[in-house]
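Remarks on the structure that follows.
The values are calculated or read from the model by the stated rules, or taken from the named source; none is laboratory data. All figures in this text were calculated on a predicted structure; none of them were measured in a lab. Cβ atoms come from the backbone with ideal geometry, glycine included; neighbour counts cover every protein chain shown. Accessible surface is based on the protein model in full, side chains and every heavy atom, while ligands, DNA and RNA are left aside. Shrake-Rupley method; radii C 1.70, N 1.55, O 1.52, S 1.80 Å.
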Amino acid sequence: MPALVLLGAQWGDEGKGKATDLLGGSVDYVVRYQGGNNAGHTVVVGDQKYALHLLPSGILSPGCTPVIGNGVVVDPSVLFSELNGLNERGVDTSKLLISGNAHIITPYNVTVDKVTERFLGKRKIGTTGRGIGPTYADKINRVGIRVQDLYDESILTQKVEAALDVKNQMLTKLYNRRAIAVEQVVEELLGYADKLAPYVADTVLVLNQALDEDKVVLFEGGQGTLLDIDHGTYPFVTSSNPTAGGACTGAGVGPTKISRVIGILKAYTTRVGAGPFPTELFDEDGEALRRIGGERGVTTGRDRRCGWFDAVIARYATRVNGLTDFFLTKLDVLTGWEQIPVCVAYEIDGRRVEELPYSQTDFHHAKPVYEMLPGWNEDISKAKTFADLPKNAQAYVKALEEMSGAPISAIGVGPGRDETIEINSFI
Ligand code: GDP
Ligand code: IMO
Ligand code: MG
């Protein structure tokens, strides 16, 4: 019954795509359980680079069945452009399964995302503008459109009518935009029905049967722990649950089935969009991390905000996800610093605080307390074992492990599949 969850331990972009792809060769199913095409997962295979947004990274491993679970929000236009892009590069995507209960990102959800952000002005969240929040809002408001609705025109029409009722009032009267016609939306959505049909399945049944047969299932999170709607830096979060519990609700698999929860952890910290970020750097070190780490968003092309490693956040991720392991990524990016600051606690209004404060006000006031760790200059990108790392790099990893509360079982020293040091096997 080996079910593994692989998720972001920080604010996203930790290297989940690479880690998933690495395990893809040894697992039977890779399942996205939340989020949508707000994600941007880069996978480098040999000299080929792939940017995946909606599709699970397991799609690049021939033996693996990729699954889009019920907790995901699906933009059909993005789905087909991603599938076509992969097919043109010779990737077989025919095994893909999509839950009939997954919600659809409609064109009006994308419009609402954009106008809401514009309306918020300087209070905006900095969303990816892909319609994620409004689609989850419709789901919770019980006016969402599900994949299965595409197969009953009458129900689909009623649902689109219900969804647009209030939205059209809002768009025309509040946001000064044109109303969206029900027929136009229904026609567009019905246009996807036949193309989607071969992929639609009862994914809950498929996954539970697979687990009963001792198949290996890997749940691939989008976003990250601090972007979780419940456990993240609300309201500067995404609208789903990337944390471990989200894998259960977003795929229909019970918590007793999950055997391992792997937190992907960058050796420093990045964030895209607005919101508090205690270790953020505004100096040449931040610029250097951005340049060396290639920290530019795969989805929106925005520069990522960069800062030093924050152990308070890593400890929090261990706690809320019940992490069994960490996969530390991008250690190579830190090569060349004489000393590397690591945030071990916060100072909040004159007090030293060791754990993430639950109060948003406190977190906004948190100042990092740094410990300086000695750096290294040797190129580590060819390291294959922990012993190949320079002593100071080993000490940096050990210190992070000690502070973060779970063993570091793999270390990324470059973007490629083989640029990885495996310490404990995951499967
Ligand atoms: P994800 O959203 O968590 O999948 O992460 P992204 O793909 O958005 O961002 C991570 C970036 O770092 C990608 O460009 C990866 O190719 C790259 N990457 C992943 N692991 C490593 C690593 O260990 N070292 C280096 N230098 N790059 C890495
Ligand atoms: P991956 O899977 C980093 C951020 C956005 C914004 C907030 C809400 O590649 O790690 P949304 O469009 O989801 O409503 O935006 O969440 N965000 C991400 N940041 N990586 C991601 O995905 C993200 N997905 C959303 O920048 O701050
Ligand atoms: Mg990303």
**OP:** For region 59-68, state whether one or more residues are open to solvent by less than 10 Å² (accessible area, probe 1.4 Å) and within 13 Å of ligand 3 (Cβ to nearest atom).
**Re:** no
Original post:
Taking region 1-26 as the search range and keeping residues that are more than 8 Å from ligand 1 (Cβ to nearest atom) and assigned to a loop (DSSP other than H, G, I, E, B), which one is farthest from the chain's Cα centre (by Cα)?
Top reply: Met1
**OP:** Taking only region 16-42 into account, find how many residues are within 15 Å of ligand 2 (Cβ to nearest atom) and surrounded by fewer than 24 Cβ atoms within 10 Å (Cβ to Cβ).
**Re:** 2
Original post:
Would you say Trp308 is touching a residue at least 12 places away in the same chain (Cβ under 8 Å), open to solvent by less than 20 Å² (accessible area, probe 1.4 Å), of a type in the set (Phe, Trp, Tyr) and away from ligand 3 (no atom under 16 Å from the Cβ)?
Top reply: yes
Original post:
Can you name the number of the only condition in (1) under 30 Å from Val45 (Cβ atoms); (2) of a type in the set (Ser, Thr, Tyr); (3) open to solvent by less than 60 Å² (accessible area, probe 1.4 Å) that Thr135 fails?
Top reply: (1)
Original post:
Where in region 179-297 are there strands (runs of 3 or more DSSP E), lying wholly inside it, with at least 1 residues that are surrounded by fewer than 24 Cβ atoms within 10 Å (Cβ to Cβ) and assigned by TED's automatic domain parsing to the domain that holds Val72?
Top reply: 258-266
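Conditions tested, residue by residue: (1) farther than 29 Å from Arg304 by Cβ; (2) in the same structural domain as Val182 (by TED's automatic domain parsing).
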position: Pro62; (1), (2): yes, no
position: Pro66; (1), (2): no, no
position: Gly69; (1), (2): no, no
position: Ser81; (1), (2): no, no
position: Thr111; (1), (2): no, yes
position: Gly121; (1), (2): no, yes
position: Ile145; (1), (2): yes, yes
position: Gln148; (1), (2): yes, yes
position: Ala162; (1), (2): yes, yes
Subject >> Residues that are closer than 13 Å to Ser239 by Cβ and either among the polar types (S, T, N, Q) or not in a helix (DSSP H, G or I) (or both), drawn from region 101-121 >> reply: His103, Ile105, Asn109, Thr116
**OP:** Working only within region 187-216, note down all residues that are out of contact with any Gly (no Cβ under 8 Å at 6 or more places or on another chain), closer than 18 Å to Arg146 by Cα and of a type in the set (D, E, K, R).
**Re:** Glu187, Glu188, Asp194, Lys195
**OP:** Working only within region 356-381, note down all residues that are assigned to a loop (DSSP other than H, G, I, E, B) and in contact (Cβ under 8 Å) with a residue 24 or more places away in the chain.
**Re:** Leu356, Ala366, Gly375, Trp376, Asn377, Glu378, Asp379, Ile380, Ser381
Original post:
Where residues in region 298-334 are away from ligand 2 (no atom under 14 Å from the Cβ) and assigned to a loop (DSSP other than H, G, I, E, B), which of them is farthest from the chain's Cα centre (by Cα)?
Top reply: Trp308
**OP:** Identify the single condition in (1) at pLDDT 95 or above; (2) over 23 Å from Ile427 (Cβ atoms) that Asp47 does not satisfy, given that it satisfies every other one.
**Re:** (1)
**OP:** Kindly indicate the residue of region 3-15 that is within 17 Å of Glu422 (Cα to Cα) and more than 11 Å from ligand 2 (Cβ to nearest atom) and also surrounded by the most Cβ atoms within 10 Å (Cβ to Cβ) among those meeting that condition.
**Re:** Leu6
Original post:
For Leu156, are the conditions met, namely being in contact (Cβ under 8 Å) with a residue 12 or more places away in the chain and touching a strand residue (DSSP E or B) at 6+ places or on another chain (Cβ under 9 Å)?
Top reply: no
**OP:** Would you be able to tell me the number of residues in region 27-54 that are assigned to a loop (DSSP other than H, G, I, E, B) and either under 30 Å from Met403 (Cα atoms) or within 12 Å of ligand 3 (Cβ to nearest atom) (or both)?
**Re:** 8
Original post:
Applying the selection to region 383-424, what residues are under 29 Å from the mean Cα position of the chain (by Cα) and without any contact (Cβ under 8 Å) to a residue 12 or more places away in the chain?
Top reply: Gln394, Lys398, Glu402, Asp418
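Among the candidates Pro66, Pro56, single out the residue that is within 12 Å of ligand 1 (Cβ to nearest atom) and either in contact with a His (Cβ under 8 Å, 6 or more places away or on another chain) or at pLDDT 95 or above (or both).
Pro56
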Original post:
Looking only at region 158-174, which residues are open to solvent by 40 Å² or more (accessible area, probe 1.4 Å) and not small (Gly, Ala, Ser)?
Top reply: Gln158, Lys159, Glu161, Asp165, Val166, Gln169, Met170, Thr172, Lys173, Leu174
Original post:
So which residues in region 314-336 are farther than 16 Å from Val397 by Cα and crowded, with 24+ Cβ neighbours inside 10 Å?
Top reply: Ala317, Asn321, Leu323
**OP:** Specify which of the listed residues (Gly126, Gly100) is under 21 Å from Asp228 (Cα atoms) and open to solvent by less than 30 Å² (accessible area, probe 1.4 Å).
**Re:** Gly126
